[in-house]
Amino acid sequence: MSAGVKLEVAVGGGLTLRNPVLTASGTFGYGLEFEPYLDLNRLGGVVVKGISPRPRAGNPPPRLVETPSGMLNAIGLQNVGVDRFLEEKLPALRERGVATVVNVYGQCEEDLLHVVEKLAPESGVAAVELNLSCPNVKEGGLELGRSPRAIESITRDARAITRQPLWVKLTPNVSSIAETALAAEAGGADAVSLINTLVGMVIDVERRRPVLHRGSGGLSGPAIRPVAIAMVHQVYRAVKIPIVGMGGIVNARDVVEFLLAGARAVQVGTANFNDPGVAMRIVGDLAAWCAAHGIADVNELVGAVKGNQA
Amino acid sequence: MPYNLTAAVERQEDLGAGYHLLTLAAPEIAREIRAGQFVMIGLTDIDQMLIRRPFSVALVSPGPDGGEPASIGLLYKVIGRGTTLFSRLQPGDRLALLGPLGRGFWLPDPALEAGGGDETELLLVAGGIGNAIFPLLLQELGPRAARTTLFFGGRGRADLTLLDWFEAHAGRVVTATEDGSHGQRGFVTAPLAAHLDADPGRRRLVMACGPHAMLRAVAELCLARGVPCQVAMEETMACGFGVCLGCVVEKREPESDFDRFVRVCTEGPVFDAREIVL
């Protein structure tokens, strides 16, 4: 019954996904860890854990704490590094044929571009997603992703060294996400993905210390969904390039909400920890939702929210 | 391979002092789980519980027709929001369940075990709710369970849950309570140290589960005496299968700067005490 619903979405740079449901970076390992629980090929794609030039050990524990309808984490981008990723992980993902988006992290612009350059000749990279949460040394240590000027320049530099579709992942910790999205578009990004986690802190009142070793962390989960929806919609009204939305998606209803706000595709994040099979179930439920609502093509939903939109 | 399923509650037993034994119908997991491994459990409505909780499986029991294990029993203490919600579950309610997960306890290489009196002495050390990990181990040990000693500590008698069960299934149970309401007054490490020192030449294996400070003290006692020691760790984790990277502990001897941490959920939860910083 839902078999007739068209789920394919074009997300810029010539990339078409078989459906709009991807999994978010940092919540899906390198994808392969989820094979016991779902068929990777049923997903729109996977976004792998942020890859840095060299392996990273991550932060000391505690790294994670549950919050009301959410989770706060400061993992510290623990990852195997680009060389091992290319040797061990990418070939396995390529073999499976799943659309693989590689999230790229660096401690400075040079680091980040180094990883983009290493990925550039590789087949099996559906898109590169730039994680600009690193401190921007040139502009006084502010996160690179908070400065429109820095975003535009690094996107342009990355654009010059790769022909792979380029996504810029936007932080919500800014005064205007429409401005940072416009900067990514001006720099030549094929799509923007949003939102990354919100900065948060939990304090243990008995010990009078932050619960996380690092102090603050990134808030994710359903608690941030309304923030994400509002930001996706702001960005939708500002830019022409496709938007990949995320923030607290746990079911197909949430996916529809993001599409209505203007996202062309979405990423399921924290919910993967709760149920490793959830992303595939959401794909099936989304098709069923569309069928039940007389939607023949999921693209009909994109940006279709009505009423006041301030 | 772990199973990702929902399971019905069979029984919820209130053992007093905040301790509960929750029995779930989960034949696949009951058949495959090994002592020291764990399951992640959560409410089926993710809006009521975003992060599942790791639980040791305390014991397995056969179905009504006997034979193969069909149910798992989870022993827990009501502490926070999650365990409070679990304590309200009634027979027939369903839970989300993922498992078996992680690396459990391992026994000495049988090749090292000469015949008769030269068997490695197994010493189990439990602190408070850390006892939840040991019934399954004693079940697995079969006749050998009768040749184990359990050192069991708690704040008071009320924390020594399932004490009768342990007295019936372990060879010997030595208790210690901080308030002196049962056994020796003080920490469980005192009778453990006395036991290790009474016959220092004996080949032994210590298996411990309990509060972090107890594990550290037990590990120190054992390492100082060259006694092999396995510790079952508990850390906050979001996934239980190796991807959230939230539950790491520090390695004692990292091979490089990039290799400082191991995941409790995947490389553990049971570690050789020499592997990690406690």
| request: Out of the residues in region B:248-270 that are free of Cβ contacts under 8 Å to residues at least 60 places away in the same chain and within 23 Å of B:Ile129 (Cβ to Cβ), state the one that is farthest from the other protein chains (Cβ to nearest Cβ). | output: B:Arg263
| note | Reported set for region B:149-178 where residues are open to solvent by less than 20 Å² (accessible area, probe 1.4 Å) and not in a loop (DSSP other than H, G, I, E, B) is B:Thr149, B:Leu150, B:Phe151, B:Phe152, B:Gly153, B:Gly154, B:Leu163, B:Phe166, B:Thr175, B:Ala176, B:Thr177
| task | Mind listing whichever residues of region B:97-126 are closer than 18 Å to B:His20 by Cβ and within 14 Å of chain A (Cβ to nearest Cβ)? | result | B:Leu97
| If you take the residues of region A:217-258 that are outside any helix (DSSP H, G or I) and over 19 Å from A:Leu170 (Cβ atoms), which of them is least open to solvent (accessible area, probe 1.4 Å)? | A:Val250
| remark: When region A:259-277 is checked residue by residue, the ones that are of a type in the set (A, V, I, L, M) and either in a loop (DSSP other than H, G, I, E, B) or surrounded by 23 or more Cβ atoms within 10 Å (Cβ to Cβ) (or both) are A:Leu259, A:Ala261, A:Ala263, A:Ala265, A:Val266, A:Val268, A:Ala271
| message | From the list B:Val39, B:Val60, B:Val9, exactly one residue is in contact with a Leu (Cβ under 8 Å, 6 or more places away or on another chain) and within 22 Å of B:Arg263 (Cβ to Cβ). Which is it? | response | B:Val39
| request: Given the conditions (1) open to solvent by 10 Å² or more (accessible area, probe 1.4 Å); (2) touching a Pro at 6+ places or on another chain (Cβ under 9 Å), report the number of the one that B:Pro143 does not fulfil. | output: (2)
| task | Give region A:197-216 a look and list any residue that's within 14 Å of chain B (Cβ to nearest Cβ), aliphatic (A, V, I, L, M) and in a loop (DSSP other than H, G, I, E, B), or say none. | result | A:Val202, A:Val211
| If we scan region A:140-147, do we find a residue that is under 18 Å from the mean Cα position of the chain (by Cα) and at pLDDT 95 or above? | no
| For region B:207-221, does any single residue satisfy the condition of being closer than 27 Å to A:Asn73 by Cβ, touching a strand residue (DSSP E or B) at 6+ places or on another chain (Cβ under 7 Å) and in a strand (DSSP E or B)? | yes
| field | Single condition A:Ala265 does not satisfy, out of (1) more than 14 Å from chain B (Cβ to nearest Cβ); (2) in contact with a helix residue (DSSP H, G or I) (Cβ under 8 Å, 6 or more places away or on another chain); (3) in contact (Cβ under 8 Å) with a residue 40 or more places away in the chain | value | (2)
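Yes or no, residue by residue, for (1) of a type in the set (A, V, I, L, M, F, W, C); (2) open to solvent by less than 40 Å² (accessible area, probe 1.4 Å):
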| position | (1), (2) |
| --- | --- |
| B:Gly180 | no, yes |
| B:Ala194 | yes, no |
| B:Leu205 | yes, yes |
| B:Met214 | yes, yes |
| B:Ala224 | yes, no |
| B:Glu234 | no, no |
| B:Lys251 | no, no |
| B:Pro254 | no, no |
| B:Val270 | yes, yes |
| Single condition A:Ile75 does not satisfy, out of (1) surrounded by fewer than 22 Cβ atoms within 10 Å (Cβ to Cβ); (2) facing another protein chain (nearest Cβ under 7 Å); (3) without any contact (Cβ under 8 Å) to a residue 60 or more places away in the chain | (1)
| said: So B:Glu32 passes all but one of these: (1) more than 14 Å from the chain's Cα centre (by Cα); (2) surrounded by 17 or more Cβ atoms within 10 Å (Cβ to Cβ). Which condition number does it fail? | reply: (2)
| query | Do we find that B:Thr236 is under 27 Å from B:Pro135 (Cβ atoms), without any contact (Cβ under 8 Å) to a residue 12 or more places away in the chain and within 11 Å of chain A (Cβ to nearest Cβ) in this structure? | reply | yes
| Mind checking which residues of region A:38-61 are in a loop (DSSP other than H, G, I, E, B), at pLDDT below 95 and surrounded by fewer than 23 Cβ atoms within 10 Å (Cβ to Cβ)? | A:Pro53, A:Arg54, A:Pro55, A:Ala57, A:Gly58, A:Asn59, A:Pro60, A:Pro61
| field | Subset tally (residues that are in contact with a strand residue (DSSP E or B) (Cβ under 9 Å, 6 or more places away or on another chain), in a loop (DSSP other than H, G, I, E, B) and in contact (Cβ under 8 Å) with a residue 24 or more places away in the chain) for region A:9-37 | value | 16
| query | Looking at B:Leu221, is it at pLDDT 95 or above, in contact with a helix residue (DSSP H, G or I) (Cβ under 7 Å, 6 or more places away or on another chain) and away from every other protein chain (no Cβ under 14 Å)? | reply | yes
| said: Return the pair list, or none, for Cβ contacts closer than 7 Å from residues in region B:33-57 that are within 10 Å of another protein chain (Cβ to nearest Cβ) and over 21 Å from A:Val65 (Cβ atoms) to residues that are assigned to a strand (DSSP E or B) and modelled with pLDDT of 95 or more, at least 6 apart or on different chains. | reply: B:Thr44/B:Thr6; B:Thr44/B:Arg94; B:Thr44/B:Leu95; B:Thr44/B:Ala96
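The values are calculated or read from the model by the stated rules, or taken from the named source; none is laboratory data. Note that the coordinates shown come from a computational prediction; the quantities given were computed from them, not determined experimentally. Every residue, glycine among them, receives a Cβ derived from its backbone with ideal geometry; neighbour counts consider all protein chains shown. Calculation scope for accessible area: heavy atoms of the full protein, side chains included, ligands and nucleic acids excluded. Shrake-Rupley method; radii C 1.70, N 1.55, O 1.52, S 1.80 Å.
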